[in-house]
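Undergrad: Here it is: the structure, laid out below.
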Amino acid sequence: MSGTSDAWLNLTHAVAAVEADLGRFLQRQHGLGLSELRALKILAKSPNNELRMQDLAAHMQLNQSSVSRMAERLERRGLALRDLCPDDKRGVYTVLTDAGRDCLSRAEGDYDAALKDLVKTHRLDANMLTIKQT
C-alpha cells in the first residue's frame, strides 16, 4: 500500500470512530442521533428554517428514504414538521420548530466539546481536518 492510501485508511478509521462515539454521546445526553443533529443544524441555517426533503437529503448526502425516516423521528419529538410545498403538492418541506431550535441550542455546545475531545482521543490533528482548496 502506498503512503497516501495508508494515510487515507487511517483517517477513515479515525473518522468512523469519532462519528460512532459522537453518536453515542448525543443519544445519551440529548436523545439525538448524529444525523438528526446535523439535520437540525442544516435547517437552522436554511432560509426560513426549512428545506425540501430532497434538498435536505442532498445536503446530508443521504438517500430520500433515510431522510424521510429521520424527519419522521424529528416530527414525533416536535423538533421539526413536514409540510406540503404550496407550489407543488408532491413536494414536502421539513421545517425546524421552536422546540427543534431549542434542542439544537442545548446540544451544540456539548457536541462541540465532545468533538474536540474525541479528535484528541483518536489522534486526529488539525492538518488532517483542514480541507485545502486547489
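Read the figures in this text as sums done on the coordinates, not as results from a lab. These figures come from a predicted structure and were not determined experimentally. Reconstructed Cβ throughout: ideal geometry from the backbone, glycine too, with neighbour counts over all protein chains shown.
Undergrad: Go over the candidates Met53, Met60 one by one and state the one that is under 29 Å from Asp117 (Cβ atoms) and surrounded by 12 or more Cβ atoms within 10 Å (Cβ to Cβ).
TA: Criteria check complete, one pass: Met60.
Undergrad: To continue, here is another question. Checking Ala80 against (1) touching a Ser or Thr at 6+ places or on another chain (Cβ under 8 Å); (2) farther than 24 Å from Gly23 by Cβ, which single condition isn't satisfied?
TA: Answer for Ala80: the failing condition is (2).
Undergrad: Could you run through the range 16-30 and say how many residues are loosely packed, with under 13 Cβ neighbours inside 10 Å and either in contact (Cβ under 8 Å) with a residue 40 or more places away in the chain or not in a helix (DSSP H, G or I) (or both)?
TA: Residues in the range 16-30 being loosely packed, with under 13 Cβ neighbours inside 10 Å and either in contact (Cβ under 8 Å) with a residue 40 or more places away in the chain or not in a helix (DSSP H, G or I) (or both): 0 in total.
Undergrad: Note down all Cβ pairs under 8 Å where the first residue falls in the range 35-48 and is touching a residue at least 12 places away in the same chain (Cβ under 8 Å), the second is hydroxyl-bearing (Ser, Thr, Tyr), and they're at least six residues apart or on different chains.
TA: Listed pairs, sorted by first residue: Ser35/Ser66; Leu37/Tyr111; Ala39/Thr94; Leu43/Thr94.
Undergrad: What's the number of the condition Asp110 fails, among (1) loosely packed, with under 15 Cβ neighbours inside 10 Å; (2) assigned to a helix (DSSP H, G or I); (3) out of contact with any Lys or Arg (no Cβ under 8 Å at 6 or more places or on another chain); (4) without any contact (Cβ under 8 Å) to a residue 60 or more places away in the chain?
TA: Exception for Asp110: condition (4).
Undergrad: Further, regarding this structure: Determine which member of the set His59, His13 is in contact with a strand residue (DSSP E or B) (Cβ under 8 Å, 6 or more places away or on another chain) and part of a helix (DSSP H, G or I).
TA: Only one candidate qualifies: His59.
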